[in-house]
1. Please work out if residue 354 is crowded, with 18+ Cβ neighbours inside 10 Å and more than 9 Å from the ligand (Cβ to nearest atom).
2. Could you check, for the range 117-134, whether at least one of its residues is among the hydroxyl-bearing types (Ser, Thr, Tyr), farther than 23 Å from residue 318 by Cα and buried (at least 20 other Cβ atoms within 10 Å of the Cβ)?
3. Please go through the range 323-338 and pick out each residue that is surrounded by fewer than 18 Cβ atoms within 10 Å (Cβ to Cβ) and either in contact with a helix residue (DSSP H, G or I) (Cβ under 8 Å, 6 or more places away or on another chain) or among the charged types (D, E, K, R) (or both).
4. Is there a residue in the range 186-199 that is within 23 Å of residue 290 (Cβ to Cβ) and either surrounded by fewer than 17 Cβ atoms within 10 Å (Cβ to Cβ) or not aliphatic (A, V, I, L, M) (or both)?
5. Picking from 40, 58, which residue would you name as being near the ligand (Cβ under 8 Å from one of its atoms) and assigned to a helix (DSSP H, G or I)?
6. Of the residues 28, 81, 34, which is assigned by TED's automatic domain parsing to the domain that holds residue 316 and within 14 Å of the ligand (Cβ to nearest atom)?
7. Can you tell me which residue within the range 308-319, out of those that are of a type in the set (Gly, Ala, Ser) and more than 19 Å from residue 31 (Cα to Cα), is nearest to the ligand (Cβ to nearest atom)?
Amino acid sequence: MSKYDIIVLGSGPGGYVTAIRASQLGFKTAIVEKESLGGVCLNWGCIPTKALLKSAEVFDYLKHAEDYGLSLENPDKDFSKVIKRSRDVAAGMSKGVQFLMKKNKIDVIEGFGKLKSGKKIAVTDKDDKTKEYQADNIIVATGARSRELPNLKQDGKKVIGYREAMSLEKQPKSMIVVGSGAIGVEFAHFYNAMGTEVTVVEFLPNVVPLEDEEISKQFERSLKKAGIKVMTNSSVESVDTSGKKVKAKVKTKKGEENLEADIVLSAVGIKTNIENIGLEDLKIKTDKDKIVVDDFYKTNVDGIYAIGDVVHGPALAHVASAEGILCVEKIKGMDVEPLDYGNIPGCTYATPEIASVGMTEKQAKEAGYELKVGKFPFSASGKAKAAGKSEGFVKVIFDAKYGEWLGCHMIGAGVTDMIAEAVLGRKLETTGHEVLKAVHPHPTMSEAVMEAVAAAYDEVIHI
Ligand SMILES: Cc1cc2nc3c(=O)[nH]c(=O)nc-3n(C[C@H](O)[C@H](O)[C@H](O)COP(=O)(O)OP(=O)(O)OC[C@H]3O[C@@H](n4cnc5c(N)ncnc54)[C@H](O)[C@@H]3O)c2cc1C
């Protein structure tokens, strides 16, 4: 039986990053994967969606060429080529992980892994052959899949999840997107930009409900301006897929509404892959669909750890990677601090983009802080004006007493690349005054952060 220091089960951004860090730290490492290296993120999540959204953005530029003094007759798209480009990007990324495994001397074991007692994993390959492997430490990183609601069963054709949504052969004429979290609105934006008639149905009062309320409101206005129908405080009660189109019964505050579309996309969250991997046999504790772990990702069973989407915390690729790194550094005996879940950025890559970190204004008030809040609109930014992207704003929230940067919320073009400033500033315990005195380059969208901070302290220049 092959023996390792560490075996990682699952090769998403949690698993493969964990394996690389383990190898860097001198551990003899193997990774088990039943599908494609890179997990959901590289194959079915973060990366292929961003490739689709890039096509949507380019198409949008082409359609609005005249706004930039350019002319182009009848710009058009080839939907199947747009999908193919996204699939090619994903396949290329997965190959990249293959290279990284080789470079870091990590053994890749193909097949479905199941935990066994005695710190073993039984891996069954596609020919149904099972082989056992042993390790001093096993790290479970089996991730998640699209969650199914009982009244919204996915048949993969008319009622679909995110995998089908990014690999459809034919563009639907109309689509109902159920759920307005990041995944739902990214697809809503993509399909709308491609010319599909899109309706978003959200159960809660606000779209992108985890965001600061002002961001949600601005985003809803943007969705509507782009031609997307938005139904908040609404829920899909049932769907009828027997006809050519899907009929959806939607409960709204004003009563029942019947919608019809070619396809319904269910984007109501995730379900973790924790079944049939041996958790019950080993008596590993779970809670509400998640594996229970301590601050350094150790389960209740010695030598077994879990990271990424399978544990509590935000289901994001960068979180999965950070958890995995910390987990193996702790196994190595390094002096590490638990992850600060209060300083995790979250991004949505629709148009406009949304990026945020820390507390919303409501959360900060509820936590009892006295606040200094500043906002700067991109309509007052030279770079945004020049780019023809003046929609949105940056909002910063500081504690009035000590100047602690409590939260930063942005909506606008390119803000997902700007939020790192707030993450780093908060990590280094920066005060508003320090951000204000850090000279930002001109003209950039990032000046809006400095100006928003200036607005919080009544020193704003450009509004
Ligand atoms: C459409 C979409 C868009 C997203 N966009 C973003 C984004 O922009 N930014 C972001 O941060 N996050 C995004 N996410 C979330 C992100 O993809 C996940 O948080 C991340 O992939 C979780 O990583 P993980 O390593 O925990 O698990 P996963 O990426 O789910 O990987 C788990 C791997 O384990 C394998 N596996 C499972 N069970 C077994 C088994 N028994 N044996 C062997 N292998 C097994 C699976 O095949 C899979 O490859 C998106 C998700 C979706 C669905």
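1. For residue 354, the condition - crowded, with 18+ Cβ neighbours inside 10 Å and more than 9 Å from the ligand (Cβ to nearest atom) - is met.
2. yes
3. Listed by number, the residues that qualify are 329, 332, 335, 336, 337, 338.
4. no
5. Only one candidate qualifies: 40.
6. After ruling out the rest, the residue left standing is 34.
7. Applying the filter and picking the extreme gives 315.
Per-residue answers, yes or no, for (1) assigned to a loop (DSSP other than H, G, I, E, B); (2) of a type in the set (S, T, N, Q); (3) farther than 23 Å from residue 300 by Cα:
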position: 113; (1), (2), (3): no, no, no
position: 133; (1), (2), (3): no, no, no
position: 138; (1), (2), (3): no, no, no
position: 142; (1), (2), (3): yes, yes, no
position: 145; (1), (2), (3): no, no, yes
position: 157; (1), (2), (3): yes, no, yes
position: 168; (1), (2), (3): yes, no, yes
position: 171; (1), (2), (3): yes, yes, yes
position: 177; (1), (2), (3): no, no, yes
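The values are calculated or read from the model by the stated rules, or taken from the named source; none is laboratory data. On a predicted model such as this, the values are computed, not experimentally measured, just so you know. Every residue, glycine among them, receives a Cβ derived from its backbone with ideal geometry; neighbour counts consider all protein chains shown.
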